[in-house]
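As structure tokens, the structure follows; a few thoughts come after it.
Read-outs: derived from the displayed coordinates by stated rules, not from any lab. Only a predicted model underlies this, so the values are computations on that prediction, with no experimental measurement involved. Glycine also receives a Cβ, built like all others from the backbone with ideal geometry; neighbour counts cover every protein chain displayed.
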Amino acid sequence: MRVEPASVEAAAPRGTKFRHPDVTADGDRRASVALDALRTLWFNTGTLCNLTCRNCYIESSPTNDRLAYLPLADVARFLDEIAETGLPTREIGLTGGEPFMNPDIAPIVETCLERGFSVLVLTNAMRPMMKRAGDLIRLKEAHGDRLAIRVSLDHYGQALHEMERGERSWKPSIEGFAWLAENGFNVHVCGRTCWNEPEESLRAGFARLFADRGIEFDAYDPVKLTLLPEMDEAADVPEISERCWDILGVSPGAMMCASQRMVVKRKGEPASVVSCTLLPYEKEFDLGRSLAEASGEVKLNHPHCARFCVLGGGACSRG
């Protein structure tokens, strides 16, 4: 369906993209995604990180505190809302920055587990995580596989991993991953597909990496080893219109924003809910300060919506 050209020109000049929430630059109705059910709630624990990665979409670094450390009290408030309103949420995701730098990370994880949720923590498995080794062992012994740790290894080779994450980042991450595996944690890996290498080759490379270190890990399991598409906000990607669902054979229900939301705490502001893990800063995707306010549909008005989710098939949760 197309709208009148005058409406398009008034909102988004021809030749531009991702300007109007309802209309693409070509005049088509922009695709949107309704929240089917909130199955996964993410908490961004803060953008501070021990690394400055070359292509970090959230610009995490040792100095970026644009998203402040999320305190336990804010996490508990949203967990309370889930319980009070009977939402079907079963998984809590914790991302950053580096979550293990947040002073409240151990009580946050423990609170989520004690309330019956499965918890997925994203980490580079370096020194901040290892400083919490005692807490992690205690939580694993109490809650078993409901605690999952996903380690970021951008490639199975040291050179490409360090090209992204910096010199001397490989050895601590591999050692942290090995510690998790040796201690029986439910451990996952997150790699990337930006290397112009077929997926089968990437999975085989990771399989060799783990086998060479005597680590039992199924690199061919798409849940255990998640390979994420690249995100480049400046890349020229097509906008997604309503017609694209049928053209691409993709369902709106398969998008992250059909089942997920993320809580962020921008520096100096109260905690709020955004559409997904990929868009923590854009005010257009800030949906309110409660899960109830954030239950509306999401307009796919950002390059990440197109490249990562619809065309790339990316998703951050395990489901």
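Table for the structure above
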| quantity | calculated |
| --- | --- |
| Only Lys, Arg (+1) and Asp, Glu (-1) charged, at Cβ; the chain dipole about Cα centre in debye | 440 |
| Computed [θ] at 222 nm, deg cm²/dmol, the chain (DSSP H ≥ 4; -39,500 (n - 2.57); rounded to nearest 500) | -8000 deg cm²/dmol |
| Residues of type lysines that LYS171 reaches as a straight line, Cα spacing below 22 Å, ignoring anything fewer than 8 places off in the same chain | LYS131, LYS224 |
| Alpha-carbon centroid distance for the pair region 55-134 / region 239-283, whole angstrom | 19 |
| FRET efficiency for ASP22 and ALA292, using Cβ-Cβ distance with R0 set to 35 Å, rounded to 0.05 | 0.90 |
| Cβ-based exposure ranking for MET256, MET163, in which fewest neighbours within 10 Å come first | MET163, MET256 |
| For LEU228, distant residues with modelled amide H under 5 Å away | GLY191, ARG192, THR193 |
| DSSP beta bridge pairing in the chain, given as percent antiparallel to the nearest 5 | 30 |
| For PHE43, residues with placed amide H under 5 Å, excluding near neighbours | GLY93, LEU94, THR95, VAL263 |
| Added length on full extension, which subtracts the Cα-Cα distance from 0.36 nm per residue, GLN158 to LEU72 | 27.4 nm |
| Cα gyration tensor category, rounded, prolate or oblate, for region 178-319 with a/c compared to 1.5 | oblate |
| Under 19 Å from the Cα of LYS265 - lysines, other chains or at least 8 residues apart | LYS283 |
| Region 100-117 - phi-based ³J(HN,Hα) in whole Hz, Karplus 6.51/-1.76/1.60, Gly and Pro as x | 6, 8, 6, x, 8, 4, 5, x, 5, 4, 4, 4, 4, 5, 5, 8, x, 7 |
